[in-house]
Every structure is written in C-alpha cells, then in structure tokens.
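**Student:** Below is the structure I would like to discuss, written out as structure tokens.
The values are calculated or read from the model by the stated rules, or taken from the named source; none is laboratory data. Since this is a predicted model, take the numbers as computed values, not measurements. Cβ atoms come from the backbone with ideal geometry, glycine included; neighbour counts cover every protein chain shown.
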C-alpha cells in the first residue's frame, strides 16, 4: 500500500502533506528530525491519511493536495473538527 498523509506540527500548528509506502516509519522519521523539510517543526501528529494500491495514484494525490489550494481546502473542510483540536 501507498499512503498520502497530512501531519500537523505540535509546535507551530502548520500542516505537512507527504506520501510513503510505510506510514509508521515515515511518521517516526518526521518526529526524529530525519526529514529536512520538517525537522524544525517537530513533533508531528498524524491528522489524516489515504491508502492507495498503486504508488502513481498516491503521488498524484499528494501533488494535487500540495499544488492545488482548492483540493486541500476541500479536505480541510471535511476535516474541520479534526483540525481544530
């Protein structure tokens, strides 16, 4: 399986979108400062994820969420309660 995920920093409350084939390992890497783009904002909590059978589908969804603000806005609207806590 391949996953697209949304993390939220417990420090600055910013969101990070990524994709991986091992969600638990990737979350641990983020929280241990092993990911350059997020190491200053750790620790993170997993807010949301989607699972895909094919990596291409997961990468396409990740790209869509990162580069199309409307796609992420729609996801935020669906997750309103989860994002507020």
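**Student:** From the list 35, 4, pick out the single residue that is over 12 Å from the mean Cα position of the chain (by Cα) and surrounded by 15 or more Cβ atoms within 10 Å (Cβ to Cβ).
**Tutor:** Result: 35 is the single residue among 35, 4 that is over 12 Å from the mean Cα position of the chain (by Cα) and surrounded by 15 or more Cβ atoms within 10 Å (Cβ to Cβ).
**Student:** What are the pairs with Cβ atoms under 6 angstrom where one residue, in segment 11-31, is free of Cβ contacts under 8 Å to residues at least 60 places away in the same chain and the other, located anywhere, is surrounded by fewer than 12 Cβ atoms within 10 Å (Cβ to Cβ)? Sequence gap at least six, or different chains.
**Tutor:** Qualifying pairs under 6 Å: none.
**Student:** Let me ask another. Return yes when residue 24 is modelled with pLDDT of 95 or more, surrounded by 14 or more Cβ atoms within 10 Å (Cβ to Cβ) and part of a helix (DSSP H, G or I) and no when it is not. Steps first, please.
**Tutor:** Working: modelled with pLDDT of 95 or more: yes; surrounded by 14 or more Cβ atoms within 10 Å (Cβ to Cβ): no; part of a helix (DSSP H, G or I): yes.
Judged against the criteria, residue 24 is not a match.
**Student:** Taking the condition of being closer than 22 Å to residue 82 by Cα and either at pLDDT below 95 or in a loop (DSSP other than H, G, I, E, B) (or both), how many residues in segment 27-44 meet it?
**Tutor:** Residues of segment 27-44 that are closer than 22 Å to residue 82 by Cα, as a first pass: 27-28, 30-31, 38, 41-44.
Restricting the remaining residues to those that are either at pLDDT below 95 or in a loop (DSSP other than H, G, I, E, B) (or both) gives 38, 41-43.
Here the count works out to 4.
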